[in-house]
1. I'm trying to understand the selection: among the residues of the range 745-787, which are under 23 Å from S548 (Cβ atoms), among the hydrophobic types (A, V, I, L, M, F, W, C), assigned to a loop (DSSP other than H, G, I, E, B) and modelled with pLDDT of 80 or more?
2. In the range 245-272, what count of residues is obtained for those that are open to solvent by less than 10 Å² (accessible area, probe 1.4 Å) and closer than 27 Å to G436 by Cα?
3. For the range 117-139, name all the residues that are part of a helix (DSSP H, G or I) and touching a helix residue (DSSP H, G or I) at 6+ places or on another chain (Cβ under 7 Å).
4. Tell me the residue from S516, S536, S526, S505 that is more than 13 Å from I430 (Cα to Cα) and at pLDDT 95 or above, please.
5. Check S316, S333, S409 and return the single one that is open to solvent by 20 Å² or more (accessible area, probe 1.4 Å) and touching a His at 6+ places or on another chain (Cβ under 8 Å).
6. Only one of (1) outside any loop (DSSP other than H, G, I, E, B); (2) under 21 Å from H281 (Cα atoms); (3) open to solvent by 30 Å² or more (accessible area, probe 1.4 Å) fails for M418. Which number is that?
7. For the condition under 28 Å from the mean Cα position of the chain (by Cα), within 20 Å of G150 (Cβ to Cβ) and of a type in the set (A, V, I, L, M), what is the one hit in I70, I103?
8. Only one residue in D446, D462, D466 is crowded, with 21+ Cβ neighbours inside 10 Å, on the phi > 0 side of the Ramachandran plot and among the charged types (D, E, K, R). Which one?
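The values are calculated or read from the model by the stated rules, or taken from the named source; none is laboratory data. Just so you know, these numbers come straight off a predicted model, no measurement behind them. Cβ: placed from backbone, ideal geometry, glycine included. Neighbour counts: every protein chain shown. Calculation scope for accessible area: heavy atoms of the full protein, side chains included, ligands and nucleic acids excluded. Shrake-Rupley method; radii C 1.70, N 1.55, O 1.52, S 1.80 Å.
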Amino acid sequence: MGWDELRTRASQGFAKRWDTLLYRLGTDFKESPVSRRVQGARPCFFFAPEELPEIIDSLRARLPEEAERIEERAGRLCQHRFDLLGYSDLDYGESIDWHLDVIHRKRAPHKPWYQIPFLDFDTVGDSKITWELNRHQHWVTLAKAYRLTGDERFAAEVFRQWPHWQRENPYPIGISWASSLEVAFRSLSWLWVWHLLADCPEMPQPFSGDLMAALTLNGRHIERYLSTYFSPNTHLLGEGVALFFLGVLCPQIPAADRWKRLGWNIVVREANRQVQADGMHFEQSTYYHVYALDFFLHARILAAKNQLPIPAALDSTLAKMLDLLCLLGQAGSPPRLGDDDGGRLFDPQRNRAEHLLDPLTTGAVLFQRPDLKAAAGGIREETLWLLGPQAGTAFDRLPNTGTQPSSASFGASGIHVMGSAEPVPRRLVIDAGPMGANTAGHSHADALSIHLCVDGREYLTDPGTDVYVSEGQERELFRGTSAHNTMQMGERPQAEPKGPFAWGSKPEVKAESWVSGETFDLFVGSVTGYWHLPKSVLHRRCVFHLKSGFWFVRDIVLGDQLTALDLAWHLAPGSVARREDSKTTSQSIFDPPGLAFLAVEGHDWMSEISDEGWSPAYGIERSSPVLRFRKRAQLPAEFVTLLLPVANGCVGLGECQEIKQDREEIQVRGYRYSNPKGNHFFFFAQSERWELAGWSSDASFLYGQSSLNNDLLHIIFCGGSFVENDGRRLFAAKRKIARCEWRCEGATRQLFCTDEDALVCVAGEAITEPVPALRGGRSRGKREVEL
C-alpha cells in the first residue's frame, strides 16, 4: 500500500467504528438538518413531470408486451413475490425480511455492516440475492406500473415498504450497508421513484423530507466509503454515478455541490481508466462491459440535461464501447465472456445474453448512429425513459441502413471477431486477451475460447457464471477452463483460483497473427504460463474461416512431457446431440439446420458427449450438451476440428485427413478436407520453403480448393512469394506478400492482393500490369477479369 491508500483505509476504519459507537449511544443519523436555500435553475431529471403521459403513451404503443410485463410484475410485487437475479417469483411473505437470502434460507446477522462477512456463504448465504432485494429497483417497477395503469395500489405498496425498510435497516446496521455500490443502487432507485411519483396522491406528507434525509445519509456513506482501493472497478464507477445524481438532483442537500463535482470527476476519470484503448471494459467481461456502459450513458445524459459540458474524450470512449458491443452482437447475442453479474442499472430483469444489446438503442439516438439502430433491431424501454418522449421518433428517423457482419480484431482486449454475411449472417468470436485488471476477479480462465452464432442462433456457447458463492464448487467449475470452448492441459485450469474474486496466477496469452481478407480470416494465438505446468508447455490455436463456408480449428500443444489434454465444445442448450460412429472415429453434433464437428480421420483421442452445466443468468443452472475429446499424450500433440454449418444432417459431410509427410524434418503440416463437391487443402509451415502432396511454397499458410475434376477454384496464401502445384507455378511475386487471394467463380476471376506491384504470375499466367493494392479498405485491391 502507498501512503494515500493507508490514509484512506485508516480513515474509513476509524469512521465506521465511530458511527457504530454513535448508533449505540442513540444517534439517529437521519435527524440532522438536510436542506438549504437553492438558487438558480431547477435541476432536470431524464424527463419532466409533464412529459410522463407522452412517454407512457409511447411505451404502450411501441412496446405493448413490455407494458404488460411491468403491470404483471407489479401485481406480484404487491404480494411480495420478487424476481431477483435469475430467480423468479420468490415469496418473501407478508412482512419482508430485508436481511434474508430466501433461496438458501440464510439470514445475515443484525450487526454493524463492516462486521458482516458478506462472502461467507455459511453465515449470510448468497449476499447478492439479499443485496438485489435491497436495491429497491422493484419500487421503480411499481412506480412505472402506477403511471401505466393509474392503479393506486402500486404506489401505495411503495409507500408501505418505505417506512418498513427504514425501521429494519437503521444506519449502520445490516448487510444493506455493507457495500457502497449497493447504497448507490438504492439511491438511484429512490430518485427514479421520486420523479415517477412526484404528484401521486398516495404520497404521504412527510415522504419528501424523509427521502431527502435518507439520501443525505446515503451520500455521506458512499462518499466516506468509496471503493477507491477496495473495488476500483464498476463499484467505484457506480458510486461516482450515484454521487453525481445526488449532487445534481438534490441541490438542497448541503453537500450537493461537492458530490456533483466528485461524482462527475469519478465518471470522467474512470471512463479513461477502466475502458481499454479498443473500447473493451478492463474487467474483460462482456456483461461488465455493458454494466459500465449503462453507468456512463446514464451519467452522460443527465449531465447534458443539466447543461454540463461533456468532455470529447468521454464521448469518444462511449463510441468505442458501443462499436465493440455492436460487432460482438453481429448475427446473434453477444458472447458472455467472463462473469455474468445478473444485475442491471435500469431493469434488473433484462439480464440475459439477448438483453446485452440494449445500450445500442440509446447510443443510436444519442449519437445519431444508424449502424447502432440496425444492430439493436428495435427500440428499448430504457431509451424512452432516458431520452424523453421524442426518443421513439428520433429512432424512427434514423436511416434503415442494414449492416453486414464484418471481421475485426481488438488489440488491447485480444478479442477477434470473424464475421460473414453469406449464405446467412455468421459470427465467431475468439477470446485471446489477457485476464482482467488487478486480481482479474471477473475474468474466466478461457484463453483462446470460441463462441459461434449463425443467423441469430447460438451454437458454441459460454456456459455463464451460475453463482459467486455457494456451498459447492459451482464458482470454480463455471469459470474454469474446462467450461469453455478451448483446450485444458493437466486437468487444471489455465489460472490458479484464489477465492471467488481473484486469480493467483494468470496465463500469458498472445495473439500471434491476425489476417482478415475478402474471402477468409486467419487467427493464430497461444497461451502459456500454466501455473501447474512447466513454462515450456504452450497451447497454440489456429482458426481459419472460409467465408460462406466453414471454420478449420487446429490445436497444437507444445512441450516435452506426458500430460492430460481435454478439448471441449459446449453446445447451446436445446441442441440435439448425436454421435456418428464409424471406423474413422469422426464426430458430429447437429440439430438441422445446425453445426457438425468433423475430426481428422484415424485420430486416437477418446470422445464423449454429455450434459453439463449452463447458466442463462446468475443463480440459474440448466444443462447443455458438450462434446469432449480427451487424450493423455506425450507432447507435442495436436488435434484438428472442422466446424461445418449443416442444413440436412450429416449427409455428404465428407472427411478430413492429415496429409502424411515423407520426411519428418520438413516443418509443414497439411490437411485435406474432401466432400462430394471437391477438395480443400490446408498447409501450416514453419520453414522457408516446403513441399507436400504436390504443393510447394514458402508461405506460412496456404489454402487451396479444387473441384472434383481438379480444377483450381480458390487459392489463399499468407507470408509467401510463390505457390506451385504438381510442378506448375501458380503464383509468383518479387517478394513475400502479406496476403493474396484468388477465386474462380464461373467465368469470373477475382484477385485480392496487399502488394500492388509484387505479383508477376497469377493462376499460372504471367502479368505485366500492376495489381491494385489493398490499402486498408476491402473494396480496393479487387480485380475481376471476365474470360
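1. Within the range 745-787, A747, A763 meet the criteria.
2. Residues meeting the conditions: 5.
3. Passing the criteria: V124, S127, T130, W131, N134, Q137, H138, W139.
4. Matching residue, one of S516, S536, S526, S505: S516.
5. On inspection, the qualifying residue turns out to be S409.
6. Looking at each condition in turn, M418 falls short on (3).
7. Criteria check complete, one pass: I70.
8. D466
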